[in-house]
1. Give, rounded to the nearest 20 debye, the magnitude of the charge dipole that region A:31-180 has about its Cα centre when Lys and Arg contribute +1 at Cβ and Asp and Glu contribute -1 at Cβ.
2. So how much accessible surface do B and A hide from each other in total, probe 1.4 Å, in square angstrom to the nearest 100?
3. Placing +1 at every Lys and Arg Cβ and -1 at every Asp and Glu Cβ, with all other atoms neutral, what dipole size does chain B have around its Cα centre, in debye to the nearest 20?
4. Using Cα pairs under 8 angstrom and six or more residues apart, how large is the relative contact order of region A:111-180, in percent?
5. What does the accessible area of A:T66 come to, in Å² to the nearest 10, when a probe of 1.4 Å is used?
6. Under 12 Å between alpha carbons, and skipping anything fewer than 8 positions from A:K157 in its own chain: which aspartates and glutamates qualify?
7. Under 18 Å between alpha carbons, and skipping anything fewer than 8 positions from A:K85 in its own chain: which lysines qualify?
8. Rank these residues by their accessible area, most exposed first, probe 1.4 Å: B:S161, B:S270.
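The values are calculated or read from the model by the stated rules, or taken from the named source; none is laboratory data. These figures come from a predicted structure and were not determined experimentally. Here Cβ is always computed from backbone atoms with ideal geometry, including for glycine, and neighbour counts include all displayed protein chains. Just the protein is used for accessible areas: all its heavy atoms, side chains included, with ligands, DNA and RNA removed. Shrake-Rupley method; radii C 1.70, N 1.55, O 1.52, S 1.80 Å.
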Amino acid sequence: MWFMDKIVLNKEGQFKIQQMAFMMIFVFIFFALVGLFFFQISMGNLRSSAQELHIKQTISILHSVTELPELSCSDSSSGCVDEDKLYLLSSEDYNRLYDSFWPIAYIRAYKVDSDFLTLGEIRCPALNCNYYDVYSSNQQAVQTFATYVSICKKTRKEGYVFNECEIGKLEVGTVVLDFK
Amino acid sequence: MRKITKRGDFNFVWMFAIIAGTAILLLAIYGVVKFGTTTSKVQSTELARLVTIVTDPMQAGFAAVRKSTIKLPKETVFEVDCVQDSYFGYNTLSALIRERPNRDFEVSGIPIRTNNKYLFVSDKPGKEFYVFSMPISFAFRIADVVIMDSQEYCFIGLEDSDVEGIKNGLRTLGDKALFGGMNCTDDSVRVCFGVGGNCDISVKPGCTDPFFCENEFEVGVVEKGGDSLEYAGNLLYPAIFSEKESYSCNVKRLLYRQSVLASIYMDKSSYMSSRDCDSGLMNELRVLGDESFRMSSNLLPRDLHEIYFNAKSIKDREERAQCGLWTR
């Protein structure tokens, strides 16, 4: 019966090899899962810090945008937006030109005094318009930040040159980063 | 028979374990190294992004100069690339962090693109960087350039009272700015204004007529490392603190923006005319816009000086006009 012994022993060897192979695979899968777990945590932190930086940038742009020569009332003013410049930058030509210039999703300036309840939102230039679309990237998911500014235009009436101003709200939007 | 078979099994099992174990170990080491590299890359990218955000409020506006200091835990080098495309062009900023002393700056982060900034950054490593912005105006304000450096500078030849404005601008560097040859240290970069001697950077005056200029250095040439960088007005500062390639690319970007702003002011002027408030600057602005647009693609020697004086005369006229376009 010596050959029976050999068959049994061979089977036992094969079983040991299988056992070892499975063990190796399980160990590998275990470490891979642990690695994936840590990777997921670090990616989560990275996502939140990317979104946080994005928001920080938008807020800092909101503070500095009224001082840009493209929008400011004059070279020495702060918190004042020139209505003529708003009108110009809302036009299609300048919109196209400045398309890649702004690192945000949109810039919009509202005339606060307007009767939004009765009139609704009317885009300038139009009769009784109440907002200017300075820039829009047509993004859907955006987070909005706003500040109050004066919207002024230089004019001459009865021989006097002066700035005609009204209260405005400057709104900028940042893209909500989608990591899916 | 039994013994022989067992030894054969044992050998195979060990061989299999060694091969598979080595493969797993190698894979794990590769993963750890890759993870470490990715982490460094993330850190560098985050740092570059933070710097671009920190410099956002430096669009000085009504304030003349804004300054700040960036202190970093590890030695870092910032690299700026300038691209001038058909529109406003852009800068990219990337950071390289030295993870351990005496090791190279290995991992660079992803370059952060910024379209509305003009960055002039020194390529020297450091832990403490001073950052300041300077308004650039050719008739009207075009933008605020951002200058970033970690080196100590020593300025020689700024003793006269008529260059006090330049001296004040350079004082923005704080304790990294030394004045007078006697105060220079071995590590400081020696910048000489109009005087010869042992200088790393020489500023040659270009204005001889006191009728046109506030001081002889209002326009001129900055010579460094065999390169000549022509400057006018506040462009003196970026010319001192940046390399030629980056300087001329950013100057062309500024000139392009000036041409667009000239066109905005022309349109604004026509709107104001309809409100009985004519600035009378249409023709001058058209010439300024055309000139700066031409120079933004092909900047010739003396071009900057010419456009600067042209812009200066337009500024004088605008300030006298009742219906000014960019002054209150």
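1. 380
2. Roughly 5100 Å².
3. The calculated dipole for chain B is roughly 2180 debye.
4. For region A:111-180, the relative contact order is 32 percent.
5. Near enough 10 Å² of accessible area.
6. B:D276
7. Counting by Cα, and skipping residues close in sequence, A:K85 has these lysines nearby: A:K111, A:K153, A:K154, A:K169, B:K268.
8. Numbers: B:S161 100, B:S270 55 Å².
In descending accessible area the options line up as B:S161, B:S270.
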